[in-house]
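The structure appears below as structure tokens.
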């Protein structure tokens with residue numbers, strides 16, 4: 001029976017190659033399983049933060065990182081004359097503007113508020129004057145940290161001198177508005193409707209992608225496939241075995 005299915009005769013190079021491939025693929029599969037557990041924990045933490053009642057925003061710079069995705073409530077006065085429009089994609093495609101308005105708190109600190117999206121034809125604030133409240137306002141939203149550098153090489157550079165903004169750079173935006181004492185975070189306003197309907201805020205319950213289980217299965221499957229291919233390829237066929245073992249074949253040559 002063993003002769004019918006061939007004899008296992010491993011060669012050195014395929015054996016070493018397969019060993020490396022199996023170890024690497026299996027290792028990557030294990031790493032993806034670990035990432036899966038980490039991502040599930042992160043998703044649970046973010047969901048709990050978004051579900052918690054709003055709190056006051058942090059006062060110390062070092063506290064902001066621990067409070068990202070916490071719901072906060074801030075009070076102050078909007079500086080509408082220093083509003084910044086960031087070019088953004090709309091919910092149904094096309095270009096929109098993301099309205100970022102500085103809000104001055106009672107102690108003088110400025111916090112940028114991402115108030116939501118407006119269509120391009122409402123770029124002029126006069127066309128949405130109802131959504132420009134004066135005096136003391138209270139904003140509830142989610143605390144976010146700005147990127148430390150341009151998020152993608154495919155994004156154009158900001159052009160403050162032309163008031164063209166493609167990504168959120170708080171330092172440059174503060175400098176463009178001649179503002180000091182600016183908080184190192186910004187707040188994304190929730191979906192509470194603004195007077196006049198614009199800007200349109202949105203909830204920030206961004207779904208975190210969690211594809212690590214699929215990635216793990218893929219890597220483990222590749223490890224198994226490499227092993228199966230190796231085992232099958234290193235078996236000699238019955239014809240090869242009989243040819244090598246038949247003393248009569250050498251006599252006819």
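FYI, it's all coordinate maths here, none of it is from the lab. Only a predicted model underlies this, so the values are computations on that prediction, with no experimental measurement involved.
Take every DSSP beta bridge whose two residues both sit in the chain; close to 85 percent of them are antiparallel. Where the centroid of each part is defined by its Cα atoms, how far is segment 34-50 from segment 149-188 in Å? Result: 29 Å between the Cα centres.
With viscosity set to 1.567 mPa s at 4 °C, what whole-number translational diffusion coefficient in µm²/s follows for segment 70-197 from Stokes-Einstein and a Kirkwood radius over Cα pairs? It comes out at roughly 86 µm²/s.
Once you order the gyration tensor axes a ≥ b ≥ c over the Cα atoms, which shape class does segment 109-165 get: rounded for a/c under 1.5, otherwise prolate or oblate by comparing a/b with b/c? The partial results should precede the final answer.
On the way: a/c = 2.24, a/b = 1.32, b/c = 1.70.
Here segment 109-165 falls in the oblate category.
Sequence-distant contacts, meaning Cα pairs under 8 Å at least 6 residues apart, place the relative contact order of segment 70-197 at 31 percent. By the helix-only formula, in which each DSSP H run with n ≥ 4 contributes -39500 (n - 2.57) and the sum is divided by residues, the chain has a 222 nm mean residue ellipticity of -11000 deg cm²/dmol. Put simply, the C-alpha atoms of the chain give a gyration tensor, and the ellipsoid matching it has half-axes of 64, 20, 16 Å, longest first. A viscosity of 0.890 mPa s and a temperature of 25 °C, combined with the Kirkwood radius over Cα pairs in Stokes-Einstein, give a translational diffusion coefficient for segment 1-140 of 119 µm²/s. The alpha carbons of segment 132-227 give a radius of gyration and a Dmax of 20.6, 71 Å, in that order.
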